[in-house]
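The values are calculated or read from the model by the stated rules, or taken from the named source; none is laboratory data. Everything numeric in this text was worked out from a predicted model, so none of it was measured. Here the Cβ positions follow ideal geometry from the backbone for every residue, glycine too, while neighbour counts run over all protein chains shown. Protein only, heavy atoms only, side chains kept; ligands, DNA and RNA dropped before computing areas. Shrake-Rupley method; radii C 1.70, N 1.55, O 1.52, S 1.80 Å.
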Amino acid sequence: STYQLENEPCRFYDDSLGKQVDREQSLDDSFKSAIRNREFKLYIQPKVCPNQNRTQGDEVLVRWQHPEYGLLFPGEFIPLFEQNGKIQELDFYMFEETCKLLKAWLAEGRAMPLSVNLFRAHLISGDMSCLDRFKSIKEAYQIPDGLIELELTESLMLERREVGVVAGMIDCIRSMGFLCSMDDFGFGYSSLALLKDLNVDTVKLDRQFFVGESEKSWIVVGQLIRLAHELGITVVAEGIEDKSQVEKLRQYDCDLIQGYVYAKPMSVPDFQNWVATQ
Ligand code: C2E
Ligand code: MG
Ligand code: MG
Ligand code: MG
């Protein structure tokens, strides 16, 4: 905005940019108190098996119940926290909250696998200590193996030289009793070769495949599902909004579907009600 002010006299000054910068600054400043006041909330979206119409695992997504700005979506604050490194602490917080929820569900005898998103820097650093921390939190809450899946965005495989490091981290994650999925597959620069190099349990086909889908995109999706299955990988289709897509995915043998067609991400109480009505 300084640049703008120098080059354009005041008559062109638009306050909305200033407001946006103020808001970013204020979100950044209030991170610590937001953690302390438990303003970050778990929202849960089911992944549904199209054949049985039953949920098999659910994804945890963060929302910020901000005292001044209301309910905020990750698109507004995650990029900010990625830039300044606060994302690490947020991911640990969300992970621990997820373990607490699972522990409560286990006590009630109705635990379902939950997946948690992880920021890429956790992994490309090649630093195993963050994985140790996830493991010790999981153990502190006595969560059995195979109940938590870690979702890694595919964009993390951007640079070829990182593949070896990431492959090692993924093997380590799985040896700790977590499942591992590749999120947003097909969105960025994914290459099919990744599927042979990385030992993931699940691949999530990005929503991008299904917006304005054409005959051609269905051919690609169909072949990707076949390929993944031959490699022993489960396939989730993300961002599915209508029934005709569900029908097609069922024909193509897609394992799980996540999207508004079944449910939007819900607060924990709303999610529990949703499950009860299924
Ligand atoms: P993602 O992991 O790919 O999550 C799926 C996103 O697609 C979610 O957006 C979800 O609300 C949205 N979605 C699901 N079904 C549909 C649909 O049918 N139609 C449309 N239009 N959208 C659908 P959300 O919750 O805004 O999250 C955005 C991204 O933020 C996530 O993408 C994930 O990468 C990131 N994220 C969310 N929570 C966390 C977190 O706790 N830690 C980290 N590191 N990243 C997170
Ligand atoms: Mg995800
Ligand atoms: Mg995704
Ligand atoms: Mg996505």
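Tabulated data
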| quantity | calculated |
| --- | --- |
| Enumeration of residues in the range 137-154 that are over 7 Å from Phe178 (Cα atoms), touching a Gly at 6+ places or on another chain (Cβ under 9 Å) and within 12 Å of ligand 1 (Cβ to nearest atom) | Thr153, Glu154 |
| Output for the range 165-185, where each listed residue is open to solvent by 30 Å² or more (accessible area, probe 1.4 Å) and within 16 Å of ligand 3 (Cβ to nearest atom) | Leu179, Asp184 |
| Residue that is farthest from Leu192 (Cα to Cα) [pool: residues in the range 213-241 that are within 16 Å of ligand 4 (Cβ to nearest atom) and part of a helix (DSSP H, G or I)] | Ser217 |
| Whichever residue in the range 94-130 is among the polar types (S, T, N, Q) and at pLDDT 90 or above and, among such residues, is farthest from Glu162 (Cα to Cα) | Thr98 |
| Residue within the range 71-93 that is in a strand (DSSP E or B) and either touching a Gly at 6+ places or on another chain (Cβ under 7 Å) or open to solvent by less than 40 Å² (accessible area, probe 1.4 Å) (or both) present | yes |
| Subset tally (residues that are surrounded by fewer than 21 Cβ atoms within 10 Å (Cβ to Cβ) and within 16 Å of ligand 2 (Cβ to nearest atom)) for the range 56-70 | 3 |
| Close pairs from the range 246-257: first of a type in the set (Phe, Trp, Tyr), partner open to solvent by less than 80 Å² (accessible area, probe 1.4 Å), Cβ under 8 Å, at least 6 apart | Tyr252/Trp218; Tyr252/Val221; Tyr252/Gly222; Tyr252/Ile225 |
